Amino acid sequence: MYTNDQDDTGVVFRKTTGHYIVHANGRDIDCVLSSLIHKQLIYPTADPTSLRHRVQDVREIDHVDPIAIGDRVRFTPFADAGQNRGMITEILPRLSKLSRPAYARAFEQVIASNVDLVLPVFAVAEPTPKWGLLDRYLVSAESSKLPVLIVITKLDLAWKNKSFASDLEAYRRAGYPIQLVSANTGMGIEDLKQTLQSKTSVLVGKSGVGKTSLLNAIQPGLGLRVKAVSNGEQGKGRHTTTHLEMFALDFGAAIIDTPGIREFGLWEVSGEELAYLFPEMSKFVGKCKFGLSCHHDTEPGCAIRQAVMAGEISPHRYKSYMNLRREL
Ligand code: GDP
């Protein structure tokens, strides 16, 4: 690639069509992408003679953007623009990525890269938690080998949800850490900040669960800044793209909200491996009468169904497994 002595490295905090805001040495650099990278990343195996024509077509589809929020990049600053503009010449290897399928499942959309922690956010009530959606987020994080902290907001409303403690027990037993918080009372906020310290975290959750209030409780004003980004995105009426942004937190951490992610399909998860992505099921895989070919559905001698009946796997988690399995 065209790297040279003046090249610098930074992290992509924000992007708009064709432009990437790279955070480097405390400054924001407005970068374009070298067209060579764009072609190489989208069509690594394409016939070089056909590249030009096909890349022009695909440029219209911005969810195949080869750069994700969180990417660490090398860039060449443009000397003639007060050093605040530049060109990205290389994407450094991703340490982790959270992806979903896009464009009729034909492409991988990297939602965020170099993430340390996934924070699925659900309210204890108003709205009533949809645990099936949590299971989907968890499988997605497991398939990316990313640690998770389940965040339950609006704890002051716990009295409105009688089954909440027993519902959460299934996740505790599966080994997932859970942080209970209330933006209204301040409960759990300091503990959450400590967990976020020195990490890049990505928030996933539906609107209304209290993410804006939570972010404001973590850092005053942050929720409103995040909301401005998400409202801007809705204003454009786009459905397939996401306008995510990474925010630096004052106490030495970064957070990415995912407002544009309305659907969360599973990328690169096969039906055969799905049970491995439910930690409490993985130890039973291979122990069924039909071994690894068991779908854990109606087959006789299924070790996973036996574990459900013995109370070792929650029926609700098993149901989520079957629902996701049908999708794959
Ligand atoms: P977002 O759409 O996920 O960003 O959610 P918001 O932060 O805008 O909150 C949605 C609604 O839930 C608002 O009416 C908030 O006042 C309310 N809310 C947020 N956090 C709490 C909380 O800790 N306790 C209670 N009782 N309500 C909350």
* Asked: How far apart, in nm, are two points set 7 Å out from the Cα along the Cα-to-Cβ line at S293 and at L36?
  -> 5.1
* For K193, which lysines qualify as cross-link partners when the Cα separation must be under 24 Å and same-chain residues fewer than eight apart are set aside? -> K97, K145, K154, K206, K211, K227
* To do: Counting only heavy atoms of the protein chains, get the accessible area per residue of the range 97-257 (1.4 Å probe) and round it to a whole Å² value.
  => 43
* To do: With +1 on each Lys and Arg Cβ and -1 on each Asp and Glu Cβ, and nothing else charged, work out how big the dipole of the range 97-257 is about its Cα centre, in Debye to the nearest 20.
  => 400
* Accessible surface of the range 258-325 [probe 1.4 Å, protein heavy atoms]: carbon and sulfur percent -> 54
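Roughly how many percent of the accessible protein surface of the range 97-257 is carbon and sulfur, given a 1.4 Å probe and a whole-percent answer? Walk me through the numbers before you get to the answer.
Details: 3550 of 6850 Å².
Accessible surface attributable to carbon and sulfur in the range 97-257 totals 52 percent.
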* Asked: Which of G210, L249, G132 sits closest to the plus end of the dipole of the range 97-257, meaning its Cα is farthest towards the positive end, when Lys and Arg get +1 and Asp and Glu get -1 on the C-beta?
  -> G132
* To do: Assign unit charges at the C-beta atoms only (+1 for Lys and Arg, -1 for Asp and Glu), then state the dipole size of the range 121-171 relative to its Cα centre in Debye, rounded to the nearest 20.
  => 100
* Asked: Mean 1/r over all different Cα pairs, inverted: what Kirkwood radius does the range 244-328 give, in Å?
  -> 15.0
* Structure fact -> Gyration tensor on Cα atoms of the range 97-257, a ≥ b ≥ c root eigenvalues, a/c under 1.5 rounded, else prolate if a/b beats b/c, else oblate, says rounded
* Which whole-number value in Å² is the accessible area per residue of the range 274-327, probe 1.4 Å? -> 52
* Structure fact -> Which residues qualify? For V148, with a placed amide H closer than 5 Å and at least 5 residues away or on another chain, they are V118
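The values are calculated or read from the model by the stated rules, or taken from the named source; none is laboratory data. What you see is a predicted model; the values in this text were computed from it and never measured. Don't worry about glycine lacking a Cβ; one is built from the backbone with ideal geometry, like all the others, and counts go over all protein chains shown. We work out accessible area using only protein heavy atoms, side chains counted, and drop any ligands, DNA or RNA first. Shrake-Rupley method; radii C 1.70, N 1.55, O 1.52, S 1.80 Å.
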